């Protein structure tokens, strides 16, 4: 009986630690968006949460409950404002003005490779050009250096490029799409 009680307590404490780590990750994301020069911390924390979450071998019910709690938390904090589209052309997103562009990204991907990014380049179903898990965007590199993670109306993005707009509107993001 004592062994089973200890195992249950250990499982509950593990779930609490996972939830606390998830909260820490979300807070880190907010800090990264304010100080976008520290994008590696987010990837390390997310990877740590994924490793911790996958290491739980106990009850499926506890895993399911934890996943549901995390999903609810993420949904509560998801951008609920206007979303950039071909029709809208421009929106005010979570990080400022957003526009879109459609250019060949081979050169931009090569720049990111030279910086050490080996994430897969691909196009999401909605037409967003992706580098790994992140939408590719152009930004003012003095505000958001290459490799920075920023929030957009379409999801998390990685700064890969810049453009002439950056001088006129230093907070604008130009989202890479196939539209």
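Annotations for the structure displayed:
- Exactly one residue out of 138, 166, 157, 176 is at pLDDT below 95 and touching a strand residue (DSSP E or B) at 6+ places or on another chain (Cβ under 9 Å), and it is 166.
- Odd one out for residue 157, checked against (1) crowded, with 21+ Cβ neighbours inside 10 Å; (2) over 16 Å from residue 83 (Cβ atoms); (3) out of contact with any helix residue (DSSP H, G or I) (no Cβ under 9 Å at 6 or more places or on another chain): (2)
- Selection status of residue 119, at pLDDT 75 or above, loosely packed, with under 10 Cβ neighbours inside 10 Å and within 19 Å of the chain's Cα centre (by Cα): no
- The listed residue being surrounded by fewer than 13 Cβ atoms within 10 Å (Cβ to Cβ), farther than 23 Å from residue 168 by Cβ and at pLDDT 95 or above, out of 114, 78: 114
- Residue in the range 146-168 that is over 15 Å from the mean Cα position of the chain (by Cα) and closer than 16 Å to residue 91 by Cβ present: yes
The values are calculated or read from the model by the stated rules, or taken from the named source; none is laboratory data. Worth saying up front: this structure is predicted, and the values here are computed from it rather than measured. All Cβ positions, glycine included, derive from the backbone under ideal geometry; neighbour counts span all protein chains shown.
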